[in-house]
Amino acid sequence: MKATGYVMKLDRAGRITLPKSLRRELEIGFLSCLEIFANEDTIVIEKYKQRCYLCNNIEKIKTYKGRHICQDCIEGITNRG
Ligand SMILES: [Zn+2]
């Protein structure tokens, strides 16, 4: 991760705007979903990716009953002794 050089001020509603040039560089389109991660003094915003709710894997994701689960976990569950 690199510093972008942008310093953004929250508006009265607690919003920030991602600069157009940054959105263009990162291919973040209108109405894109972004995911927010946080700890004590750090906030990271990532393009939203469906993740397996069991292991956080982002590859080979299937959706079952509104939950995302990866192929590895499906195989792990179905191959239980
Ligand atoms: Zn998984």
If I go through segment 1-54 residue by residue, how many of them are within 24 Å of C70 (Cα to Cα) and among the charged types (D, E, K, R)? 5
Among the residues of segment 63-76, is any part of a loop (DSSP other than H, G, I, E, B), surrounded by 10 or more Cβ atoms within 10 Å (Cβ to Cβ) and within 18 Å of the chain's Cα centre (by Cα)? no
Here the residues within segment 1-24 that are outside any loop (DSSP other than H, G, I, E, B) and under 17 Å from the mean Cα position of the chain (by Cα) are L22, R23
List the residue pairs whose Cβ atoms are under 9 Å apart, where the first residue sits in segment 56-67 and is outside the structural domain of F37 (by TED's automatic domain parsing), the second is among the basic types (K, R) and surrounded by 10 or more Cβ atoms within 10 Å (Cβ to Cβ), and the two are 6 or more positions apart or on different chains. N57/R51; I58/K49; I58/R51; I61/K49; I61/R51
Odd one out for V44 among (1) at pLDDT 95 or above; (2) not in a helix (DSSP H, G or I): (1)
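The values are calculated or read from the model by the stated rules, or taken from the named source; none is laboratory data. Everything numeric here is computed off the predicted structure, so don't read it as measured data. Methodologically, a virtual Cβ is constructed for each residue, glycine included, from the backbone with ideal geometry; neighbour enumeration extends over all protein chains shown.
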